[in-house]
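> To start, I am sharing the structure in question, which I have written as structure tokens.
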Amino acid sequence: MRHLVPGAGGRAQRDAAAEPPALTAADPASFAWTVVHRRLPRAAEQARNANPYLPEQIEALDRLVAELSGAVGPLAGGGPDTAAWREWGKGRIGRGWDEVPLLWAEAYFHRRLLAAVDFFAPGPWHWLDPFAHLKTGELVDPLLEAELAELDWVADVDPDRRGRALLLAAVRGARADLGAAAHAARFESDTNPDPALVVDDTDALWELLAAGPAVLCVVADNAGRELLADLLLVDELLESGRAGQVLLHVRPVPFHVADATAADVAAALRRLAAAGGYATTAARRLQDAFRRGRIRLRTDWFHTGPLGFDAMPAELAADVTAAGLTILKGDLNYRRLVGDRAWPPGTDLAHAAGYLPGPVAALRTLESEVVVGVPEATTAALDRRAPGWRIAGTHALVQLVPGRAAVGPPTG
């Protein structure tokens, strides 16, 4: 891992002048305000209450939370990404937390949180995950045993249906248990589609995967149950020949409370291996795939930065370019894909994300307001029927964008 410079690599970027404004917490009635003034303080509280931090670390966390009501302070302490954050922070430090882009504010707060608890400093808390208790809690949940056992039916069903079931489990991630997601997919049909999928490009995605891309790039999101589902999907794509090799991107350090790191991948594999049945079989295949180089873990400090994917560094862009398909998991990666802006929902996804060098599939359970590529009529109907559907974690998207090579850069 190395220091990063925003926009390194010279790839096509979105024309910010032709885009809606970035979301901020300026409006007290907005979801963004709730994130900054409720979700971020809650993250600090979770870290403080679950770890044996010293008084000075507790005080640093409290100061960070109090700062959210005022101006953004500087980053103190070390860390391999410090130089990158000096660049990323230009024009932001000293402004109000409610004035800076939400995507930047969230990333910077979590980076400051790591500094507050001496994550990068030599000593007993060096590289100690402040949120390990939450991730471990999901893996030791007694209900998970039954969920994993429920997956045993997939071993003997039609391969296409099995693949779609595991894809749906990955889409729903931590918001639905693995067994229920797979069970629902087992019995769904074209005449009885899943009403929770606001956009469903599954057929187009499956057609692309049927070609068996030599390289598949997967950018993971959360640890715990969601990562279990992601790994089971990776296993299925490799085992079925729908992918030849998988480049699995995770965060370099704990971030955004539940984000997956390499340590979380190892923990997830151990959990699958201990479950028995289909889960254990899949874990053995995954371990073998790692040993043979068919799965390669990747990470980059960009993944804990505040920028959109249009500013990805050269190495990450090379992975996306080499891949026949890139899968972006989760809400945060979706926001980085489209720029975390106030897009009209009916905006063509290829306009917001067509800058990418290759085809990209977004698998997302909605937990924030940003929505692109959803017909206005659909959005209006959901607003009437289920207010708050964009942030409640009850609805999902499977969206496919061809990428710059197929559609050309967005013209605004």
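> Would you please name the residue that is surrounded by the most Cβ atoms within 10 Å (Cβ to Cβ), looking only at residues in the stretch 106-126 that are part of a loop (DSSP other than H, G, I, E, B) and on the phi < 0 side of the Ramachandran plot?
Taking the stretch 106-126 and keeping what is part of a loop (DSSP other than H, G, I, E, B), we get 117-126.
After this cut, where a residue has to be on the phi < 0 side of the Ramachandran plot as well, the list is 117, 119-122, 124-126.
On the way: VAL117: 22, PHE119: 20, PHE120: 17, ALA121: 14, PRO122: 8, PRO124: 9, TRP125: 18, HIS126: 10.
This residue is VAL117.
Quick grid of which residues meet (1) in contact (Cβ under 8 Å) with a residue 60 or more places away in the chain; (2) in contact with a helix residue (DSSP H, G or I) (Cβ under 8 Å, 6 or more places away or on another chain); (3) surrounded by fewer than 16 Cβ atoms within 10 Å (Cβ to Cβ):
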| site | (1), (2), (3) |
| --- | --- |
| PRO28 | no, no, yes |
| PHE31 | yes, no, no |
| VAL36 | yes, yes, no |
| LEU40 | yes, yes, no |
| ALA50 | yes, yes, yes |
| TYR53 | yes, yes, no |
| LEU61 | no, yes, no |
| GLU67 | no, no, yes |
| VAL72 | no, yes, no |
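> Further question on the same structure: Identify the residue in the stretch 13-39 that is part of a loop (DSSP other than H, G, I, E, B) and under 16 Å from ALA353 (Cβ atoms) and, among all such residues, is modelled with the highest pLDDT.
Let us first name the residues in the stretch 13-39 that are part of a loop (DSSP other than H, G, I, E, B), namely 13-15, 19-21, 23-30.
Subsequent filtering for residues that are under 16 Å from ALA353 (Cβ atoms) retains 13-15, 19-20.
On the way: GLN13: 55, ARG14: 55, ASP15: 59, GLU19: 86, PRO20: 93.
Out of the qualifying residues, it is PRO20.
> Here's another thing I want to ask about it. Within the stretch 256-269, track down each residue that is of a type in the set (A, V, I, L, M, F, W, C) and buried (at least 23 other Cβ atoms within 10 Å of the Cβ).
So in the stretch 256-269, the residues of a type in the set (A, V, I, L, M, F, W, C) come out as 257-258, 260, 262-263, 265-269.
ALA260, ALA268, listed by residue number.
> Which residue out of LEU227, LEU272 is buried (at least 23 other Cβ atoms within 10 Å of the Cβ), touching a residue at least 40 places away in the same chain (Cβ under 8 Å) and under 14 Å from ILE327 (Cα atoms)?
Numbers: LEU272 fails: under 14 Å from ILE327 (Cα atoms).
Result: LEU227 is the single residue among LEU227, LEU272 that is buried (at least 23 other Cβ atoms within 10 Å of the Cβ), touching a residue at least 40 places away in the same chain (Cβ under 8 Å) and under 14 Å from ILE327 (Cα atoms).
> Inside the stretch 352-387, can you point out the residues that are free of Cβ contacts under 8 Å to residues at least 60 places away in the same chain and not in a loop (DSSP other than H, G, I, E, B)?
ALA353, VAL360, ALA362, GLU376, ALA377, THR379, ALA380, ALA381, ASP383, ARG384, ARG385, listed by residue number.
> Sticking with this one: Name the residues in the stretch 210-223 that are surrounded by 24 or more Cβ atoms within 10 Å (Cβ to Cβ) and part of a loop (DSSP other than H, G, I, E, B), would you?
Scanning the stretch 210-223 gives ALA220, ASP221, ALA223.
> All but one of (1) in contact with a strand residue (DSSP E or B) (Cβ under 6 Å, 6 or more places away or on another chain); (2) among the polar types (S, T, N, Q); (3) farther than 27 Å from ILE93 by Cβ; (4) not in a strand (DSSP E or B) hold for THR321; which doesn't?
Only one criterion in (1) in contact with a strand residue (DSSP E or B) (Cβ under 6 Å, 6 or more places away or on another chain); (2) among the polar types (S, T, N, Q); (3) farther than 27 Å from ILE93 by Cβ; (4) not in a strand (DSSP E or B) is unmet by THR321, namely (1).
> Tell me, please, whether a residue that is at pLDDT 85 or above, surrounded by 17 or more Cβ atoms within 10 Å (Cβ to Cβ) and acidic (Asp, Glu) can be found in the stretch 169-178.
no
The values are calculated or read from the model by the stated rules, or taken from the named source; none is laboratory data. Just so you know, these numbers come straight off a predicted model, no measurement behind them. As a convention, Cβ positions derive from the backbone with ideal geometry for all residues, glycine included, and neighbour counts pool all protein chains shown.
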